[in-house]
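Novice: Below: one structure in structure tokens.
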Amino acid sequence: MNLVFTLATALSIGLLHFCWAPLHAQELQLEMAGEAVVLMNAKTGQILFQKKAHEPAYPASTTKIATALYTLSQLSQEELNRWVVVDAQAMKSASEGEKMASKDRLPAYLLEPGGSSLGLQPGETVLLKDLLAGMLISSGNDASNVIAQSVGGSIPQFLEGLNRYLKEIGCYNTYFLNPHGLHHPRHVTTAWDLAWMSKKAMEYPQFRDWVKQPRFVFTKTEKRASFVKLQTNRLMRPGPLYYPKAIGIKTGYHRRAKKTLVAAAEQEERVLIAVLLHYEDSQTIFRDAIRLFEAAFQQPKVRKTYLQKGQLASSVELLQGSVPLQGIAQEPLFIDVYPAEETSCACWAVFFPELQPPIRQGQVIGEARLLSAEKEVVAKVPLVARGEVPLKWPYSWAHRISANSTLYPIWTGIVWGLLFSLCLLSAWRWYL
């Protein structure tokens, strides 16, 4: 029989003394020709470069990123395989001048003659996933309207849900009056909002697959044979502006928005999203995107050390310990980060739950963990005891008894004898 009481620790997980420790970013220093530009980390949402990131701007066809994102948020993978009948209402059109002159009597979602199109025909039956791919890869305005009508029940209902959803995910400076991006004075967003909604969209594998395709193959329908259209993003196509690290996303243009681009690139599992708005020509916007990506990818990492080897991480009072248990780092705790990305991490000391004195110096007692803002463990090192933690009295006395097997029967007999004597004495007093 072990006479040592079960250990109860004061803490099994302890917060380190310096908690959250930010590493302040040094944003990239570049000259960009566009009016608004943002470079964002697609995983963390951290900004590496910004120019007028929160000022209202016309998105043009980069609006279609939001249309696809909202659709994917509403439908299952199986529902993307359903067939959709093209309604004549979604194919209605009017010139930009007619829409502006009508003072909103004509809806902003009407198509415009000569606009980017898949050539959909009323009554044609098409796959919903083909409409989404055609909208993103070759920028079909007609596909945007058909998607909106199919998903929302009507285009106005779709837009109502879309704008509500964008506010819910944090795009507070965006308001869309159509699903395709044709001009309307109140159809606006910001470079930051576009980057953020693109980050959310890239979390869908189907979206990532669509936007990286160099061409779009339209499935044969009862009205038309299969046909091919090329990707509008020239970073993704062979040629002088091809960028091998590019993995999407969407181009845009109309005469008031001018050239717009949302691009994504990947290097060593690090994905960045660039938004470039209001450019005069295609050459400049694509070259600026490449410059922006390369400036970030070529930055060498810097080391941020949170704990030195042998540094005190945390201490804890143990119920049976005569002195506090102090945990020190067995090796340095650090992360390597890019200078342009601000990093905030929290240090936590995690002690083994079954620890009990006596504890010897240098014994492994837990680990120090470095947690990202997303609560992911990004680094960890063992914690060892700085010094011995002996048992305090009376636990030390009981421990010595239980540890010495030769004395155990004697002490057990003494304890039982005392208990028996107390019982006899109590009975005698009761009898008297």
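Novice: Can you give me the solvent accessible area of His254 with a 1.4 Å probe, rounded to the nearest 10 Å²?
Specialist: 20 Å²
Novice: Evaluate the relative contact order of the chain (contact order divided by residue number), counting alpha-carbon pairs under 8 angstrom at least 6 apart; express in whole percent.
Specialist: 21 percent
Novice: Another question, if that's okay. Provide the per-residue ³J(HN,Hα) series for the stretch 342-357, in order, calculated from phi with Karplus coefficients 6.51, -1.76, 1.60 and θ = phi - 60°, each as a whole number of Hz, with x at glycine and proline positions.
Specialist: The phi angles translate into 5, 10, 10, 10, 10, 9, 10, 9, 10, 8, 4, x, 9, 4, 8, x Hz.
Novice: How far is helix 155-168 tilted, in degrees, relative to the longest principal axis of the Cα atoms in the chain, given as a value from 0 to 90 rounded to the nearest 10?
Specialist: Taking Cα atoms only, the helix is inclined about 30 degrees.
Novice: While we're looking at this one, here's another question. What residues qualify as long-range amide H neighbours of Ile247, i.e. H under 5 Å apart, gap of 5 or more or another chain, H built at 1.01 Å from N?
Specialist: Ala264, Ala265, Glu266
Novice: As an exercise, use a Förster radius of 60 Å and the Cβ-Cβ distance of Gln29 and Arg360 to find the FRET efficiency, rounded to the nearest 0.05.
Specialist: Numbers: r = 53 Å, r/R0 = 0.89.
After rounding to 0.05, the efficiency reads 0.65.
Novice: For the stretch 129-199, which trypsin sites (Lys or Arg not before Pro) are both in a DSSP coil and crowded by at most 12 other Cβ atoms within 10 Å? Each step should come with its number before you reach the end.
Specialist: Values: sites: Lys129, Arg164, Lys167, Arg186, Lys199; in loops: Arg186.
Sites meeting the loop and neighbour criteria: Arg186.
Novice: Describe numerically, in nm with one decimal, the distance between label points set 7 Å from Cα along Cα→Cβ at Lys245 and at Glu331.
Specialist: Distance between the two pseudo-spin positions: 3.0 nm.
Novice: For the chain, with equal point scatterers placed on the C-alpha atoms only and solvent neglected, what are the log10 I(q)/I(0) values from the Debye formula at q = 0.09 1/Å, to two decimals?
Specialist: Rounded to two decimals, the profile gives -0.68.
Novice: Given the peptides 311-322, 295-306, arrange them by the average over their residues of other C-beta atoms within 10 Å, most packed first.
Specialist: On the way: 311-322: 18.7, 295-306: 13.9.
Put in order of decreasing packing, that is 311-322, 295-306.
Novice: Which one, Leu110, Met100, Leu39, is farthest towards the positive end of the dipole of the stretch 33-141 when Lys and Arg carry +1 and Asp and Glu -1 on their Cβ?
Specialist: Of Leu110, Met100, Leu39, it is Leu39.
Novice: When the scattering of the stretch 40-113 is computed by the Debye formula from its Cα atoms alone, each counted once and equally, what is log10 I(q)/I(0) at q = 0.24 Å⁻¹?
Specialist: Here the Debye-derived log intensity ratios amount to -1.20.
Novice: Counting only the backbone N, which residues of the stretch 257-285 are under 12 Å from the spot 7 Å out from the Cα of Met100 toward its beta-carbon?
Specialist: So the set is 257.
Novice: A further question follows. Beyond 23 Å between alpha-carbons counts as too far, so tell me which of Lys51/Lys258; Lys43/Lys304; Lys223/Lys259; Lys92/Lys259; Lys43/Lys245 fall in that bin.
Specialist: Working: Lys51/Lys258 17 Å; Lys43/Lys304 20 Å; Lys223/Lys259 34 Å; Lys92/Lys259 26 Å; Lys43/Lys245 17 Å.
The answer is Lys223/Lys259; Lys92/Lys259.
Novice: To the nearest 20 debye, what is the magnitude of the charge dipole of the chain about its Cα centre, counting +1 on the Cβ of each Lys and Arg and -1 on the Cβ of each Asp and Glu?
Specialist: Details: 45 positive and 37 negative charges, 34 e Å.
It comes to approximately 160 debye.
Novice: What spacing in nm lies between the two simple spin-label points modelled at Trp393 and Leu230, each 7 Å away from Cα in the Cβ direction?
Specialist: Result: 9.1 nm between the two label points.
Novice: Gap in Å between the Cα centre of the stretch 287-320 and the Cα centre of the stretch 332-387?
Specialist: 13 Å
Novice: Within 10 Å, count the other beta carbons around each residue, average over each peptide in 280-287, 33-40, 206-213, and list them highest first.
Specialist: Descending mean neighbour count gives 33-40, 206-213, 280-287.
Novice: Using R₀ = 51 Å, calculate the FRET efficiency as 1/(1 + (r/R₀)^6) where r is the Cβ-Cβ separation of Lys380 and Cys423; round to 0.05.
Specialist: Details: r = 55 Å, r/R0 = 1.09.
Rounded to the nearest 0.05, the efficiency is 0.40.
Novice: Using the Cα atoms as the points, what is the convex hull volume per residue of the stretch 231-346 in Å³?
Specialist: Working: hull volume 17.3 nm³, N = 116.
For the stretch 231-346, the hull spanned by Cα atoms encloses 149 Å³ per residue.
Novice: Please list the non-local residues whose amide H lies under 5 Å from the amide H of Leu48, H modeled 1.01 Å from N, same-chain partners needing a gap of 5 or more.
Specialist: Counting only residues 5 or more places away or on other chains, the set is Leu39, Met40, Asn41.
Novice: Within the accessible area of the stretch 277-321, what % is carbon and sulfur when the probe is 1.4 Å and the other protein chains stay in place?
Specialist: On the way: 1010 of 2150 Å².
That fraction is 47 percent.
Novice: Angle check, please: helix 282-297 long axis (alpha carbons) against the longest principal axis of the chain (alpha carbons), in degrees 0 to 90, nearest 10.
Specialist: So the inclination is approximately 10 degrees.
Novice: Just to be sure I understand the model, the point goes 7 Å from the Cα along the line to the Cβ. What's the resulting Ser322 to Ala88 distance in nm?
Specialist: Using points 7 Å along Cα→Cβ, the separation is 9.6 nm.
Novice: Amide H to amide H under 5 Å from Ala313: which residues, 5+ apart in sequence or cross-chain, H placed 1.01 Å off N in plane?
Specialist: Close amide H contacts, sequence-distant or interchain: Gly327, Ile328, Ala329.
Novice: Could you give the dipole magnitude of the stretch 251-335 about its Cα centre, charging the beta-carbon of Lys and Arg +1 and that of Asp and Glu -1, in debye to the nearest 20? The partial results should precede the final answer.
Specialist: Numbers: 11 positive and 9 negative charges, 83 e Å.
Dipole about the Cα centre, nearest 20: 400 debye.
Novice: Ignoring ligands, DNA and RNA, what percent of the accessible area of the stretch 166-273 is carbon or sulfur (1.4 Å)?
Specialist: Carbon and sulfur together cover 52 percent of it.
Novice: How much accessible area per residue does the stretch 270-398 have, counting only protein heavy atoms and a probe of 1.4 Å, in square angstrom? Numbers along the way, then the final one.
Specialist: On the way: 5920 Å² over 129 residues.
Dividing the accessible area of the stretch 270-398 by its residue count gives 46 Å².
The values are calculated or read from the model by the stated rules, or taken from the named source; none is laboratory data. Note that the structure is a prediction, hence the values are computed from the model and not measured. With ideal geometry, Cβ positions are generated from the backbone for all residues, glycine too; neighbour counts draw on all protein chains shown. In case anyone asks, the SASA skips ligands and DNA or RNA and just uses the protein heavy atoms, side chains included. Shrake-Rupley method; radii C 1.70, N 1.55, O 1.52, S 1.80 Å.
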